[in-house]
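The values are calculated or read from the model by the stated rules, or taken from the named source; none is laboratory data. Remember, predicted model here, so these are calculated numbers, not experimental data. Cβ placement follows ideal geometry from the backbone for every residue including glycine, while neighbour counts extend to all protein chains displayed.
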Amino acid sequence: MLCVVVLLPAAALAQRRLVIVDEDALEPADSGEIAMLALLQSPGAQVLGITIVTGDGWRDEAVQRTLRMLELTHHADVPLAAGAVFPLVRTQDETMLAAQSYGRPVWLGAWGGTTGKPDHGPSDVPPLPEGTPALKPIDEDAAHFLVRQVRAHPGDITIYAAGPLTNIALAIAIEPRFAEMTKGIVIMGSSLNPQTDDPEFANSPRSEFNFWFDPEAAHNVLRARWPRIDVTTVDVSLKTKLTDDLVAELSRSSASAAQYVAKYSKSRDYQWDEIAALAWLDPSLITKTRDVYMDVDVSHGASYGHTLTWDEAHRPSRDLPLVHAQLDLDVSRFRKLFVELMTRGAPAR
């Protein structure tokens, strides 16, 4: 009996699906931080590492926030690599100049949120309400970490990318076979035809922040030869929010993950990244998908960064990926799994 007890954890570890998490973050316990935590909490996933990119917030601040999240939730053994500070081509100055002709986007992320005025510069880290981490990032940049891990586990790693795709594009530039050496990629990005009166999407239904912030990166990533591409669209992201009721339910748990979310979450926004994470853990949560050929507008005009899609009959002759675009989900089952993950103890590694 003793032998069986000792061997079971090792067998369970061997069955875990391998994933590398590429994320951005703006606040403690925001959508990005909570999605990372959901994957870390899952007994069926083995997070090989986290890579951070500028997006909703600057990279350096997001690095510190994520390191502190790992400490507070007992996941301090997971390596974190800092990635890109700026997009491949798009600049803040160019974006503000274009806004004079085409209008300013509702959300500018690190470049100024909803106001157009950044809170601080890219290398500044303000005092964190959750505390300053003692943990440090590893001494390796995100792109090289991604390449090294995929080379070490060919065909076994899923890339979960829920921020701008700069880090992933840089990994592909370093290793042209990077995409085909993975098991596939899960992307929080794109927008097809969201049914909403939210002005950010009602007025510009093909615009989504992650693709918009670094269009060339998204274009390059989508063109790579992935075994599979699953995309969590704005359309499905608008189906559920982090509500006061959900946070109250988590506050009644003593689990460190639940307490982190209950104590530090301020926004009651859509659960963008959590949907992407939980749908990878349990694909049956998604109740409606559409297979489309997808690209990103890189023309630097009024629709720069917008999602482009075609069906089989109308797609361009150039090589384009077939993307599994998520459009709807079972909200009650999603919330049930979300609470289960946040209220369990950290899995053994």
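Below are the figures for this structure:
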| item | result |
| --- | --- |
| Every pair of residues 6+ apart whose Cβ atoms lie under 9 Å, when the first sits in the stretch 193-208 and is among the basic types (Lys, Arg) while the second is in a loop (DSSP other than H, G, I, E, B) | 206/190; 206/191; 206/192; 206/193; 206/297; 206/303; 206/306 |
| Residue in the stretch 62-83 that is among the aliphatic types (A, V, I, L, M), within 16 Å of residue 338 (Cβ to Cβ), surrounded by fewer than 23 Cβ atoms within 10 Å (Cβ to Cβ) and in contact with a strand residue (DSSP E or B) (Cβ under 8 Å, 6 or more places away or on another chain) present | no |
| Qualifying residue in the stretch 21-31 (condition: more than 16 Å from residue 187 (Cα to Cα), within 13 Å of the chain's Cα centre (by Cα) and either at pLDDT 95 or above or surrounded by fewer than 24 Cβ atoms within 10 Å (Cβ to Cβ) (or both)) | yes |
| Test set (1) within 28 Å of residue 91 (Cα to Cα); (2) touching a residue at least 40 places away in the same chain (Cβ under 8 Å); (3) over 18 Å from the mean Cα position of the chain (by Cα) - residue 339 fails condition number | (1) |
| Scan of the stretch 214-230 for residues that are closer than 15 Å to residue 173 by Cα and part of a helix (DSSP H, G or I), ordered by number | 216, 217, 218, 219, 220, 221, 222, 223 |
| Matching entry among 211, 201, 145 (being among the aromatic types (Phe, Trp, Tyr), surrounded by fewer than 23 Cβ atoms within 10 Å (Cβ to Cβ) and in a helix (DSSP H, G or I)) | 201 |
| Single residue of 163, 116 found to be out of contact with any Cys (no Cβ under 6 Å at 6 or more places or on another chain) and modelled with pLDDT of 95 or more | 163 |
| Segments classed as strands (runs of 3 or more DSSP E), wholly inside the stretch 12-100, with at least 1 members that are acidic (Asp, Glu) and either under 22 Å from residue 134 (Cβ atoms) or out of contact with any Asp or Glu (no Cβ under 6 Å at 6 or more places or on another chain) (or both) | 17-23 |
